[in-house]
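A quick write-up on the structure given underneath.
The values are calculated or read from the model by the stated rules, or taken from the named source; none is laboratory data. Predicted, not measured: the structure shown is a model, and the values here were computed from it. Note that each Cβ is placed from the backbone with ideal geometry, even for glycine, and that neighbours are counted across all protein chains shown. Note: areas computed on protein heavy atoms with side chains; ligands, DNA, RNA excluded. Shrake-Rupley method; radii C 1.70, N 1.55, O 1.52, S 1.80 Å.
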Amino acid sequence: MGGAVVDDNPSTVKAPDGGWSWAVLFGCFVVTGFSYAFPKAVSVFFKELIREFGIGYSDTAWISSILLAMLYGTGPICSICVNRFGCRPVMMVGGLFASLGMVCASFCTSIITIYLTAGVITGLGLALNFQPSLIMLNRYFDKRRPLANGLAAAGSPVFLCCLSPLGQILQHEFGWRGGFLILGGLLLNCCACGALMRPLEPSKEEKIKMKEKEKEESKDLKKKPPKKLLDFSVFKDRGFVIYTIAASIMVLGLFVPPVFMVSYAKDLGIEDTKAAFLLSILGFVDIFARPTCGIIAGLKWVRPRCVYLFGFAMLFNGVTDLICSMADTYGGLVVFCIFFGISYGMVGALQFEVLMTIVGTQRFSSAIGLVLLAEAIAVLIGPPSAGKILDFTHRYMFVFLIAGVEVVLSAIVLTTGNFFCIKKKPEEPHCKEEVAEIGELRKLEDKAAPEGEGEKPQAAEAEQFLKEDDKQNGEVVTNPETCV
């Protein structure tokens, strides 16, 4: 991997928004589907594992929990690997790890070894695929990036609808060992998706600009600072800090309703088949909600205010949870699943689009790793704490109420924080006008210099004024998302 081509300076290369970008989108669609759907699909084999090892359901549930914890918690490790070796080699190694974990799990003789193989090794492999695929997707798309993120996020519900029935068929035909072995072979497709993620190549004009920039840098005596494997400077960005806090609060309650929905329906006396069908409704609606939201987010008037659309999606999701706490019929739960699927799809389509807009392409690889680490802590706290509340109260109403309050609170933190703390940044057009005026003054200075020595003092004064003006203005970094 040491000889890999590393796309370490993506900001100098223009996103193609077409051509090979669609192949990258397809690879990201497959990887996202495996990453989010696989921890849920593995639960199909839990009953067989309980019989095999004589354990309880809570013991087998740790497999999915470890998979999700590895997917989120290893974010900084993935960022370091991507910044060091590039996206393509990291994804191909991750595909091998994901497959190896499931293959080894098929030969395990204890639940602890399954934790290590199907949980830790496979979870690490999926993490090494998921994060680099998002990085490459956001490098290949610019104008169509909201749509691309929405289509890639649709891989999660699509694969969930496919992997769960497939797991049941494999369990019936080959048992849990044969099923794990075949699923391990399917995960090798992540290596093929990684092969699609070739580094962006600059055009002829961009190569010329890069060569000129290298010549200018070689003239300077200052040494070029070494590349950071994990850029913690993103925490200086107030927008990133607000986003991280809001996302962590949101994750506390976001995954609670899907986990407890079927049990809630059974507690109301609904048949098992009808209760399980509720998740199918939610997943079907989610499939169409994600790309549709991506199209809406890419509209001319919506994209500059995409963070507020994300806040609305979070608020919509939280209010849906609050209303669901009062549902006591099967029809009410069906309506809840429809609206929850819409809001859940909107959140899934917008979360990484908003993060990308806040931090930019160059710092996205580090930012997403740190955000996923913060969310990993919330993922481990959210569902277990909701289970404790249920054990104490024996009423699902309080579970959905607390989940809704947490998601609504995250929406309030994001929107108010962005409006009051980020809105006051300097506007880009004004800065461009000042730069243009300074450029015209410099041209006048150059023309006036040969005319005589009498004009030199004025030229010197103008030059001093320009220097002072540059120092006062400094470097202006604008953000199309936060500068409303």
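Rounded to the nearest 0.05, the FRET efficiency derived from the C-beta distance between VAL335 and THR109 at R0 = 51 Å is 0.60. For ARG177 and ILE295, the difference between the fully extended length at 0.36 nm per residue and the C-alpha to C-alpha distance is 38.3 nm.
Applying both filters, DSSP loop and at most 15 other Cβ atoms within 10 Å, to the trypsin sites (Lys or Arg not before Pro) of the stretch 123-210 gives LYS143. Can you tell me how the stretch 229-303 classifies by the Cα gyration tensor, rounded, prolate or oblate, using a/c under 1.5 as the rounded cut? The shape class here is oblate.
Of all chymotrypsin sites (Phe, Trp or Tyr not before Pro) in the stretch 289-365, which ones are in loop regions per DSSP and have a Cβ with at most 14 other Cβ atoms within 10 Å?
Hits after loop and neighbour filter: TRP301.
If you take the beta carbon distance between ALA192 and GLN168 as r and set R0 to 25 Å, what does 1/(1 + (r/R0)^6) give as a FRET efficiency, to the nearest 0.05?
Values: r = 26 Å, r/R0 = 1.02.
After rounding, the FRET efficiency stands at 0.45.
The trypsin sites (Lys or Arg not before Pro) found in the stretch 262-349 that occupy coil by DSSP, while having at most 13 further C-beta atoms within 10 Å, are LYS300.
Could you list the residues of the stretch 339-365 with an amide nitrogen less than 18 Å from a label point located 7 Å from the Cα of PHE284 in the Cα-to-C-beta direction? Residues 339-345 qualify, since their backbone N sits under 18 Å from the label point.
All other residues whose Cβ lies under 13 angstrom from that of GLU48 are scored, Lys and Arg at +1 and Asp and Glu at -1, for a net of +1.
Residue separation times 0.36 nm, minus the C-alpha to C-alpha distance between VAL302 and LYS274: what's the value?
6.2 nm
Within the shell defined by Cβ-Cβ distances under 14 Å, the residues around PHE159 carry a net charge of +1, with Lys and Arg each +1 and Asp and Glu each -1. Solvent-accessible area per residue in the stretch 97-216 equals 45 Å², computed with a 1.4 angstrom probe and all protein chains kept. Near THR109: Cβ cut-off under 11 Å, other residues only, Lys/Arg at +1 and Asp/Glu at -1. The net charge is 0. Each label point is 7 Å from the Cα along the Cα-to-Cβ direction; what then is the distance between the points at LEU229 and LYS266, in nm? Result: 4.6 nm between the two label points.
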